[in-house]
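Inspection log for the structure reproduced underneath, given as structure tokens.
Laboratory data are not the source of any read-out in this text; all were calculated from the coordinates shown. If you're wondering where the values come from, they're calculated on a predicted model, not measured in any experiment. Neighbour counts run over all protein chains shown; Cβ positions are idealised from the backbone, glycine included.
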């Protein structure tokens, strides 16, 4: 497959093109990042350099084969039924894989793509309707009242909270959470979030893998991904999962985040799901060294110190077991974030401990 071909139906911000040079020249009026990516995409190299987000470790650069990116684009188009002339909105940073793949899908499948400067409320001034878009949870949350403008939406870059999923039940948009990473060229599994039919069982925690993907567990109960269409290597993750069938799994949390408190292994993400209805601000739980327990569970909340919230959390015996109840609660004015808006747990935790 060649990457220097433009689908005859491809449009960028309402403009059609007859050559790659025309696309690159026009993209200069949109952003420098877009120009840089298109120059790299249309180059003779069979790969591009991509930055990882750094949400679970230090950001790094990796090489991705253009052939694999094309395969990913074709798979997304087929799975979500997005043929040529699909109208799509790109409101994610082009510097990272999710934004780049919106361009690749449009160029390959012949979409009519509009590109916006990324912001936290992308639909605020939009009147046009779109067949497809991709957003991070914060963008979705800020766009709920105007989400009807998007027919199909994939949500990545962070976990979709139970609060946000409740809001999604009130919109017509077909919304899907995605599981994937830069190394798998965005998603290899999706989870339907709303608009369930009478014959569907809405199991919110189950992800369904895309075609040409195989999954298994390693000795740590972490997900192993074999997706030869998008990766030449088998990918061993640090995501603890439960495989419920050959095509479905339940994500339980990051192994990196597991807290061993007095011999009890606690998954922060599972505890956070129980707390989300009681805390309006952003928050997360973590473990810090403790002489008796090895690690003790703490809760970190974004915002000003609030005794009411602190007392509520400590009294949630019906929701939290004694092991899941935070031993200490900290407040911080602002969480540390990656450039794509993901919470940097380790950096935030270090800041809290050094300032408290």
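What to note about this one:
- Fewest-first ordering of 79, 207, 179, 130 by other beta carbons within 10 Å of each residue's beta carbon gives 79, 130, 179, 207.
- Stretchable slack from residue 304 to residue 124, in nm (0.36 nm times residue separation minus alpha-carbon distance): 62.0 nm
- Ranked by how many other beta carbons lie within 10 Å on average, peptides 272-285, 90-103 from highest: 90-103, 272-285
- Relative contact order (%) - criterion: Cα under 8 Å, at least six apart; region: the chain: 10 percent
- Helical contribution to [θ] at 222 nm, DSSP H n ≥ 4, -39,500 (n - 2.57), averaged over the chain, rounded to 500: -7000 deg cm²/dmol
- Were the residues from residue 195 through residue 15 laid out at 0.36 nm apart, the gain over their Cα-Cα distance would be 61.4 nm.
- For the chain, the longest principal axis of the Cα atoms and the long axis of helix 66-79 meet at an angle of about 80 degrees.
- Stretching the chain fully between residue 39 and residue 278 yields a gain of 81.2 nm (0.36 nm per residue, less the alpha carbon separation).
- Our note on the geometry: Cα centres of the stretch 168-246 and the stretch 1-48, 30 Å apart.
- The chain - share of DSSP beta bridges that are antiparallel (%, nearest 5): 65 percent
- Given in Å, the Rg to one decimal and the Dmax to the nearest whole number for the Cα atoms of the chain are 21.3, 69.
- Pair residue 149, residue 311: separation of 7 Å Cα→Cβ label points (nm): 4.4 nm
- The chain: angle of helix 32-41 to the longest principal axis, Cα-based, in degrees nearest 10: 70 degrees
- Relative contact order for the stretch 11-211, counting Cα pairs under 8 Å that sit 6 or more residues apart, in percent: 15 percent
- In the chain, the longest principal axis of the Cα atoms and the axis of helix 345-355 are about 50 degrees apart.
- Note on residue 25 and residue 246: the model spin-label points, each 7 Å out from Cα along the C-beta direction, lie 5.3 nm apart.
- Cβ-Cβ FRET estimate between residue 51 and residue 346, R0 fixed at 25 Å, reported to 0.05: 0.85
- Here the stretch 11-211 carries DSSP beta bridges of which approximately 45% are antiparallel, counting only pairs with both residues inside.
- For the pair residue 333 and residue 233, a Förster radius of 25 Å applied to the C-beta separation gives a FRET efficiency near 0.05, rounded to the nearest 0.05.
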